[in-house]
Amino acid sequence: MVFEDIAVAIEAPIGILTFNRPNVLNALRTNLLKEVSSALAQLERDDGVRVVILTGAGEKAFAAGADIGELNALSSAGMGATQSRSGQALTRQIERMSKPVIMAVNGFALGGGCEIAMAGDIIVAAENAKFGQPEVNLGLIPGYGGTARTTRRVGKGMATYLCLTGEMIDAEHAQRIGLIERVVPAAELMDEAKRIARTIAAKAPLAIAACKRTINNGAHLPIDDALELEALEFGTLVDTEDIKEGTGAFLEKRKPVWKGK
């Protein structure tokens, strides 16, 4: 499939999806969101891909937010809600993928860019990365899940501060408050993202999918419900070929060969 606003490359077992509008800081227009959704669906179906990396073209931005021209053209509450839901649908698609999604953030990750990054499983940022929810500067609030996910990642107090002030924070600050997981020199960003991806891809794929699913679905359940969810997922994995391979390989002191069955 030919894309206009993104690029997709396969470096098995890794799929790399790149926002490809560097001349406008990878602004998230509607067509880009649709293309990302389509590409993610393809990567989900590709048995040769076990981990996805999402990044932005150029050195200046992962994605500097929504396309301001499109926002300016919104003329009713209904249009605004539809625009918001389209971005929310994409972030939920990322969260619901069975395959882990690593966000490799270079430069600005603002507004919708920050919101998409937060939907990933692991965020690796270059030292020059900047994060923020500056929508209040435009007369708006975050619309792609920012109020919900910022709160879940850094807590209500810090989320309130970031969303009310619209301030940008650097990568070191973002890591310190728990918004992101790793910070590396810009020249090492993709190498580090790929290293993490290969590490994950070497593990049992059914277990990786179950781990992601259990964490995402259980994170905000009452503890007893979350523990029961964990027990059910654990039990399901016991009834797979992969656990026999994994335990057998451990006892035989060899590397496992995963079948995903």
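The values are calculated or read from the model by the stated rules, or taken from the named source; none is laboratory data. Keep in mind that what you see is a predicted model, and the values were worked out from it rather than measured. Methodologically, a virtual Cβ is constructed for each residue, glycine included, from the backbone with ideal geometry; neighbour enumeration extends over all protein chains shown.
Just a few scattered comments:
- Selection from region 116-140 of residues that are out of contact with any strand residue (DSSP E or B) (no Cβ under 7 Å at 6 or more places or on another chain) and either under 19 Å from ALA197 (Cβ atoms) or surrounded by fewer than 19 Cβ atoms within 10 Å (Cβ to Cβ) (or both): MET118, ALA119, ASN128, VAL136, ASN137, LEU138, GLY139, LEU140
- Looking only at region 15-28, and only at residues there that are over 18 Å from the mean Cα position of the chain (by Cα) and touching a residue at least 40 places away in the same chain (Cβ under 8 Å), the one that is surrounded by the fewest Cβ atoms within 10 Å (Cβ to Cβ): VAL24
- Considering the conditions (1) buried (at least 21 other Cβ atoms within 10 Å of the Cβ); (2) part of a helix (DSSP H, G or I), GLY143 is excluded by exactly one of them, (2).
- Of the criteria (1) of a type in the set (Gly, Ala, Ser); (2) modelled with pLDDT of 95 or more; (3) not assigned by TED's automatic domain parsing to the domain that holds LEU140; (4) not in a helix (DSSP H, G or I), which one ALA210 fails: (4)
- Selected residue (only one of GLY113, GLY157 is under 14 Å from the mean Cα position of the chain (by Cα) and either surrounded by fewer than 16 Cβ atoms within 10 Å (Cβ to Cβ) or in the same structural domain as GLY56 (by TED's automatic domain parsing) (or both)): GLY113
- Residue list for region 41-69, filter: of a type in the set (D, E, K, R), surrounded by 15 or more Cβ atoms within 10 Å (Cβ to Cβ) and in a helix (DSSP H, G or I): GLU44
- So ILE102, is it assigned to a strand (DSSP E or B) and in contact (Cβ under 8 Å) with a residue 40 or more places away in the chain: yes
- Within region 119-140, being of a type in the set (A, V, I, L, M) and at pLDDT 95 or above holds for ALA119, ILE122, ILE123, VAL124, ALA125, ALA126, ALA129, VAL136.
- Those residues of region 1-40 which are assigned to a loop (DSSP other than H, G, I, E, B) and either of a type in the set (Ser, Thr, Tyr) or under 24 Å from GLY69 (Cα atoms) (or both), in sequence order: PHE3, GLU4, ASP5, ASN20, ARG21, LEU25, ASN26, ALA27, ARG29
- Residue within region 181-190 that is part of a loop (DSSP other than H, G, I, E, B), over 20 Å from ILE14 (Cβ atoms) and either in the same structural domain as ALA129 (by TED's automatic domain parsing) or within 19 Å of the chain's Cα centre (by Cα) (or both) present: yes
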